[in-house]
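What follows is one structure encoded as structure tokens, with my remarks underneath.
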Amino acid sequence: MTISDSSASFVARALRLDCAAISDALDRSGIVGQCYKIAPCDRKFRMAGHAYTVLYRPAGHGDDGHVGDFIDDVAPGSVIVIDNRGRDDVGTWGNILTEMAHRRKMAGTVIDGINRDVALCSELNYPIFSKGNWMRTGKGRIQLAGLQVPVQIGGVTVHPGDLLRGDADGVVVIPQSMQEKILSDAEQITAEENAIREAIRGGARMDEARSRHHYHHLQSPDYTKVAETK
């Protein structure tokens, strides 16, 4: 399997999983990968892809590049991950970038900060996840400080190439080196929770169904030990 095939496989597996299951799998491995207060601009948005990271800082540090200048060089299928240090007074993303990202088949955009022009991303079904939206532009107020560098999104460090999954619950980040482990655990957690629901539909008591499938330990680091002793 080539690197690109492997990456596509991880993305496809992530898209079949809910963020909640991936969150539990991250907890099982002791990884903080849940992006706090990062939410979809539209609840129907779903995305998965590998990170292309962007760091902004306040303008006034020389001519280091303008907002959005990077987008022509981002590979299709990427999630554009923008760190604007959580600022909610200026945007980092608007309708021209949405149009371009949609045309270039990006997987989505995640912002530690805010965006504007929400109507177009909903119309095009282009997934944007951020801390909110407001119309004040970032032009002349922020500038590029780095591309493909580690960034912070909702308290989570994101490195270039990390795998991001977004749905109605928000965004989770899987470190690139942990993709197989986290996705496998999330698939197993999903299967156990599905079995609990099936048992309840069949008339089982919830406490008994949960106990049978080790529900209270699914996200715990000690899950394997508990599962082997019961």
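Any read-out appearing in this document is the output of simple, stated calculations on the displayed coordinates, not a laboratory observation. Values in this document were obtained by computation on a predicted structure and should not be read as measured data. So basically every Cβ, Gly included, is an ideal-geometry build from the backbone, and we count neighbours across all protein chains shown.
Values as computed for the structure displayed
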{"read-out": "Lys, Arg +1 and Asp, Glu -1 on Cβ, resulting dipole of the stretch 32-174 about Cα centre, debye, nearest 20", "value": "280"}
{"read-out": "Rg(Cα) / (2.2 N^0.38 Å) computed for the stretch 126-178, rounded to two decimals", "value": "1.34"}
{"read-out": "Most fluctuating residue given options ALA195, ALA145, ALA20, as computed from a GNM of the chain linking Cα atoms under 10 Å", "value": "ALA195"}
{"read-out": "GNM flexibility winner over the chain from MET178, MET206, MET135 (Cα, springs under 10 Å)", "value": "MET206"}
{"read-out": "In degrees, nearest ten, helix 3-15 long axis to first principal axis of the chain (Cα)", "value": "70"}
{"read-out": "Dipole magnitude (debye, nearest 20) for the stretch 93-230, charges at Cβ of Lys, Arg, Asp, Glu", "value": "500"}
{"read-out": "GNM flexibility winner over the chain from THR137, THR53, THR92 (Cα, springs under 10 Å)", "value": "THR137"}
{"read-out": "Summed side-chain charge close to TRP134 - residues other than TRP134 whose Cβ falls under 13 Å, Lys, Arg +1, Asp, Glu -1", "value": "+2"}
{"read-out": "Potential extension, ILE200-LYS44 segment - 0.36 nm per residue separation minus Cα distance", "value": "53.4 nm"}
{"read-out": "Total charge dipole magnitude, the stretch 149-230, about the Cα centre, Cβ charges on Lys, Arg, Asp, Glu only, Debye to nearest 20", "value": "200"}
{"read-out": "Around LEU124: net Lys/Arg minus Asp/Glu count, Cβ-Cβ under 11 Å", "value": "-3"}
{"read-out": "Positive-pole candidate from VAL54, CYS19, GLN34, dipole of the stretch 19-114, charges at beta carbon", "value": "CYS19"}
{"read-out": "Built amide H within the under 5 Å cut-off of GLY138, gap 5+", "value": "GLY91"}
{"read-out": "Length-normalised contact order of the chain in % [C-alpha pairs under 8 Å, at least 6 apart]", "value": "30"}
{"read-out": "For the chain, radius of gyration divided by Kirkwood radius, i.e. Rg to Rh on alpha-carbons", "value": "1.04"}
{"read-out": "Net charge over other residues, Cβ less than 13 angstrom from the Cβ of PHE10 (K, R count +1; D, E count -1)", "value": "0"}
